[in-house]
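K.L.:
Can you keep this structure in mind? I'll have questions shortly.
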Amino acid sequence: MAITLSNNVKKLGDYAFYGCYALNSFSAASSHTRFATDVNGILYTKNKDTLLLCPNAKAGTLSLPSTVKH
């Protein structure tokens, strides 16, 4: 299951995707003002300095971009 964040989404609640065990990908348009995603479907802040969510259904290892500080 994939979640696409429209440009209208400005904030995610702390437990917005709690229990979504089949979730394997997030996507957000490059024009989104608050969120960014990568080719693995990981959700970050727009400048990719904070990893917000890694989908529950992701398995294996993950290499974080060098920009991630939080």
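K.L.:
Using amide H atoms built in the peptide plane, which far-off residues or other-chain residues are under 5 Å from residue 27 H to H?
P.N.:
Here 3, 4, 5 satisfy the definition.
K.L.:
Could you please state how large a percent of the accessible area of the chain is carbon and sulfur, counting protein chains only and using a 1.4 Å probe? Write out the running numbers ahead of the final one.
P.N.:
Working: 2530 of 4710 Å².
Reported share for carbon and sulfur atoms: 54 percent.
K.L.:
Do any trypsin sites (Lys or Arg not before Pro) in the stretch 1-54 lie in a DSSP loop with no more than 13 other beta carbon atoms within 10 Å, and if so, which? Can you show the working numbers first?
P.N.:
Details: sites: 10, 11, 34, 46, 48; in loops: 10, 11, 34, 46, 48.
Here the sparse-neighbourhood loop sites are 10, 11, 46.
K.L.:
Would you mind computing, in nm to one decimal, how far apart the modelled labels at residue 66 and residue 1 are, each placed 7 Å from Cα along Cα→Cβ?
P.N.:
With each label placed 7 Å out from Cα toward Cβ, I get 3.7 nm.
K.L.:
Expressed as a rounded percentage, what relative contact order does the chain have, with Cα pairs under 8 Å and six or more residues apart?
P.N.:
Computed over the chain, the figure is 26 percent.
K.L.:
Let me ask something else. Which loop chymotrypsin sites (Phe, Trp or Tyr not before Pro) in the chain, with loop taken from DSSP, have no more than 13 other Cβ atoms within 10 angstrom of their Cβ?
P.N.:
Filter output for the chain: 15, 18, 21.
K.L.:
Right, another one. Heavy-atom accessible area per residue, the chain, 1.4 Å probe: how many Å²? Please report the intermediate quantities before stating the final value.
P.N.:
Details: 4710 Å² over 70 residues.
Per residue, the chain has an accessible area of 67 Å².
The values are calculated or read from the model by the stated rules, or taken from the named source; none is laboratory data. Just so we're clear, the structure is a prediction, and the values are computed from it rather than from any experiment. With ideal geometry, Cβ positions are generated from the backbone for all residues, glycine too; neighbour counts draw on all protein chains shown. Ligands, DNA and RNA are excluded from the accessible area calculation, which covers all protein heavy atoms including side chains. Shrake-Rupley method; radii C 1.70, N 1.55, O 1.52, S 1.80 Å.
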